[in-house]
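Report on the following structure.
The values are calculated or read from the model by the stated rules, or taken from the named source; none is laboratory data. The structure displayed is predicted, hence computed values, not measured ones. Methodologically, a virtual Cβ is constructed for each residue, glycine included, from the backbone with ideal geometry; neighbour enumeration extends over all protein chains shown.
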Amino acid sequence: MNKSLLIVLVSFFYINIQAQQKKFNLVIGTYTKGCDSKGIYMYDFNAETGDFQLRSSTESIVNPSFITLSQKNDFVYSVNEDGANSTASAFKYDAKNGKLVFINKQNTQSSDPCYIINDDAFVITANYTGGSVAVFGKNKNGSLTELKQLVQHSGKGINPSRQEKSHLHSVQFTPDHKFVFATDLGTDKMYVYQYNSKAAKPLQLKDSITVKEGSGPRHFAFSKDAKKLYLLQELDGTLSVFNYAKGKLKLVQETTVVADGFKETFTAADIHISPDEKFLYATNRKEANTITCFKILKNGQLELASRISTMGDGPRNFAIDPTGNFLLVGHQYTNNVVIFKRDKTTGALTDTGKRIEMCSPVCLVFTAQ
């Protein structure tokens, strides 16, 4: 083969690979009862330009307010937050062609699941109103089995309007996959379950960690090296930094997502770490409607970098694209996703002016195509 032609072909190959790495699927879960939504939407997202294009949507899926992707990128699982009729759903996911096909659903037997995770063996939901954690098995075709385990929690906190009972708000595997952590907004606790993927009932309660009274633990994020856990508390805006090792937590820092002197109502919401682990972001709702950026110091502790408006109402969830170029905030009440450009050096966010207009977006997940 002509050497010049070979160089051209090799160059074209690498350019094509790079171009493919700039394109991702953006999967968005929504609330469907307050406005016109079909459930889960899939967009093509260009991580170089911030441009997007709708690829497909589900049909008549009720309140898929939180979603999770299988490790092999071939199935999507969602909660269906619907009071006593709440379920979890399974979908076949064709990432290349941008399509979701409903497989089945199972009753959570506990009201209002608001968070969902999965591995090769199980799908696990945190049930807010029900105050419980539900576990489903997986069949070979990706479908959900009937409920395998339901762990019921009890107790209350000092805030009578929000902590009258147990309210499980999120669940996550630890990075070594030996434990599942669960936050209980109602009791100001994080619960630690030993996890055994080979057992019929994989969760065994091992410990609980009490956080500040009335804080309302909500979402959390682990560092990649599993040495730090960052916990966002909904009710008082506290952001706590813990050392983590072998299922144990040690508090090392507390800061806040609430601006100095802010006297209006707020409810802290979501938390994520940038792909390069240099910055951590957290959202705050109600009258605040802000996103705060913290610099992650060498010791893993946090230093305030910036705080700006999310340019909408109800920033319940957000996601950073895998390249780290853009941060997208889903607004539950202004019915749009606001696209911010990230400065990778300072962590600062700049509004691109680009908006994905849609009904009540409340969970954003990037996946490979």
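Out of ARG307, ARG316, ARG355, which single residue is in a strand (DSSP E or B), touching a strand residue (DSSP E or B) at 6+ places or on another chain (Cβ under 9 Å), free of Cβ contacts under 8 Å to residues at least 40 places away in the same chain and not polar (S, T, N, Q)?
ARG355
If we keep just the residues of segment 253-289 that are assigned to a loop (DSSP other than H, G, I, E, B) and β-branched (Val, Ile, Thr), which is nearest to LEU185 (Cα to Cα)?
Among residues in segment 253-289 that are assigned to a loop (DSSP other than H, G, I, E, B) and β-branched (Val, Ile, Thr), the one nearest to LEU185 (Cα to Cα) is THR267.
For segment 258-304, what are the residues that are touching a residue at least 24 places away in the same chain (Cβ under 8 Å), on the phi > 0 side of the Ramachandran plot and touching an Asp or Glu at 6+ places or on another chain (Cβ under 8 Å)?
Scanning segment 258-304 gives a single hit, ASN289.
Can you say whether SER166 is crowded, with 20+ Cβ neighbours inside 10 Å and of a type in the set (Gly, Ala, Ser), as far as the supplied structure shows?
The answer is yes for SER166.
Could you run through segment 250-272 and say how many residues are over 21 Å from the mean Cα position of the chain (by Cα) and either more than 23 Å from PHE318 (Cα to Cα) or small (Gly, Ala, Ser) (or both)?
Going through segment 250-272 one residue at a time, the tally reaches 8.
Considering only segment 250-261, state which residues are surrounded by 14 or more Cβ atoms within 10 Å (Cβ to Cβ) and under 21 Å from LEU349 (Cα atoms).
Once the filter is applied, which keeps residues that are surrounded by 14 or more Cβ atoms within 10 Å (Cβ to Cβ) and under 21 Å from LEU349 (Cα atoms), segment 250-261 yields THR255, THR256, VAL257, VAL258, ALA259.
Which is under 16 Å from the mean Cα position of the chain (by Cα) and buried (at least 24 other Cβ atoms within 10 Å of the Cβ), of THR183, THR187?
When all the criteria are applied, what remains is THR183.
Among the numbered criteria (1) crowded, with 17+ Cβ neighbours inside 10 Å; (2) in contact (Cβ under 8 Å) with a residue 40 or more places away in the chain; (3) over 17 Å from the mean Cα position of the chain (by Cα), which single criterion is violated by SER215?
Just one mismatch for SER215, condition (2).
Based on what the data block shows, is ALA88 modelled with pLDDT under 95 and surrounded by 11 or more Cβ atoms within 10 Å (Cβ to Cβ)?
No, not satisfied.
Restricting to segment 319-352, and then to whatever is over 22 Å from ILE273 (Cβ atoms) and in contact with a strand residue (DSSP E or B) (Cβ under 8 Å, 6 or more places away or on another chain), can you tell me which residue is surrounded by the fewest Cβ atoms within 10 Å (Cβ to Cβ)?
ASN336
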